[in-house]
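Heads up: the structure comes next, in structure tokens.
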Amino acid sequence: MTEIEIGRGKRGRRAYSFDDIAVVPSRRTRDPHEVSVGWQIDAYHFDLPVMAAPMDSVMSPDSAIAFGKLGGLPVLDLEGLWTRYESPEPLLAEIAALDPANATARMREIYSEPIREDLIRLRLKQIRDSGCTVAGALSPQRTQEFWKAVVDAGVDLFVIRGTTVSAEHVSGRAEPLNLKRFIYELDVPVIVGGVATYTATLHLMRTGAAGVLVGFGGGAAHTTRQTLGIQVPLPSAIADVAAARRDYMDETGGRYVHVIADGGMGTSGDIVKAVACGADAVMLGAALARATEAPGRGFHWGSEAHHSDLPRGERVEVGTVGSLEEILVGPGLGADGTTNVIGALKRAMATTGYLDLKEFQRVEVVVAPHQKS
């Protein structure tokens, strides 16, 4: 790897954002109708390679069901308003109407209500009764407290999601979550992340995770780079994690861990490039928060926006561009890449001659920084 000298005492590796790279056409093209974008993790198959981010502005039980029926994997935030309040709709409306200057303070108050195990069970049962695959997310800090309620509710996939998740968390105040033991003893597949480096990914894969979420410091509602100075551009992170997946397969004799790009993919072109760099699927937040069914009402935020000590996110206005169906599978309503994102992925795969997602991960990519004319 080529390193750049930042100064005499520090060197750094060049990393690339989505605006820095582009996919290259090949010698073959295909009919888009013959392209497959389905993927499978453990025993669960999905028609669309998309997970919905576990964020209150994106997923409610109702929007999760609608998303699941379209062929994606909905993930409900089990630390959100739907597990703190019987009827959170008035609070979601209030958050959307907050003045930006007061948003963080008021959201802290709203999210100070305790999480209820009975509501965790109720919300997951609602999704299960619809016939959709059930997935719920907890942060590493809350997993030890609520995992049993989640499993007892009959979850199909368990997601442990944080800004960054380490297999070697060190704490002198409390016993950290032993991921390897936890995953080994759990009866359901676990997806864990975020992660952004080759070494950290290998450690997470060795815990037995079925999938890893790739991304750190990105996303429309994150301010991690501004507040902590930490970020890894997603294309470089995906490529590093995909290399760890390859080496882990060699290490284990063929065990495949799915790589899911998480955060910072605002348009269909970003999704295309994420798969081209090695992702098996993508987790979308802001892109889905633009749906008419989204509970955020045109606004988007994550748990970082109401952190009690150090907010590393904010409530942002993303607007509304169409229904969930229009955003995912079209028809497209404009040429900005915010609707029919799966149609765009299929078109890109067909234009470059690839039949499925695994093949498309081998497509040629060039460094070509984009400048709008």
Using a Gaussian network model of the chain whose springs link C-alpha atoms within less than 10 Å, name the residue from VAL24, VAL341, VAL150 with the highest mean-square fluctuation.
-> VAL24
Give a quick list of trypsin sites (Lys or Arg not before Pro) in the range 20-75 that DSSP marks as loop, anything other than H, G, I, E or B, with at most 13 other Cβ atoms within 10 Å.
-> ARG27, ARG28
Computed magnitude of the charge dipole of the range 3-367 (debye, nearest 20; Cβ of K, R +1, Cβ of D, E -1) = 880 debye
Spatial extent of the range 296-352: Rg and Dmax, with the Cα atoms as the point set, Å = 15.6, 48
If PHE67, PHE18 are placed from fewest to most neighbouring beta carbons inside 10 Å, the sequence is PHE18, PHE67
Overall dimensions of the range 247-325 by Cα: Rg and Dmax, Å | 16.3, 47
Using R₀ = 51 Å, calculate the FRET efficiency as 1/(1 + (r/R₀)^6) where r is the Cβ-Cβ separation of GLU113 and ARG27; round to 0.05.
-> 0.30
Which order results if THR267, THR133, THR2 are arranged by neighbouring Cβ count within 10 Å, fewest first?
-> THR2, THR267, THR133
In µm²/s, what is D for the chain at 25 °C and 0.890 mPa s, where D = kT/(6 pi eta Rh) by Stokes-Einstein and Rh is the Kirkwood radius from Cα pairs?
-> 117 µm²/s
Average silhouette area of the range 38-139, convex hull of alpha-carbon atoms, in square nanometres | 7.0 nm²
For ILE115, ILE65, ILE160, order by how many other beta-carbon atoms lie within 10 Å, fewest first = ILE115, ILE65, ILE160
Difference of contour (0.36 nm per residue) and Cα-Cα distance, LEU186 to LYS69 = 39.4 nm
Can you grab the distance from the C-alpha centre of the range 320-373 to the C-alpha centre of the range 180-235, Å, no decimals?
-> 24 Å
Evaluate the distance, in nm, between pseudo-label points positioned 7 Å from the Cα of GLN144 and of SER87 along their respective Cα→Cβ axes.
-> 3.8 nm
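Where a number appears in this text, it was derived from the coordinates with a stated rule and is not lab data. Owing to the predicted nature of the structure, the values given are computational and were not obtained by experimental measurement. So basically every Cβ, Gly included, is an ideal-geometry build from the backbone, and we count neighbours across all protein chains shown.
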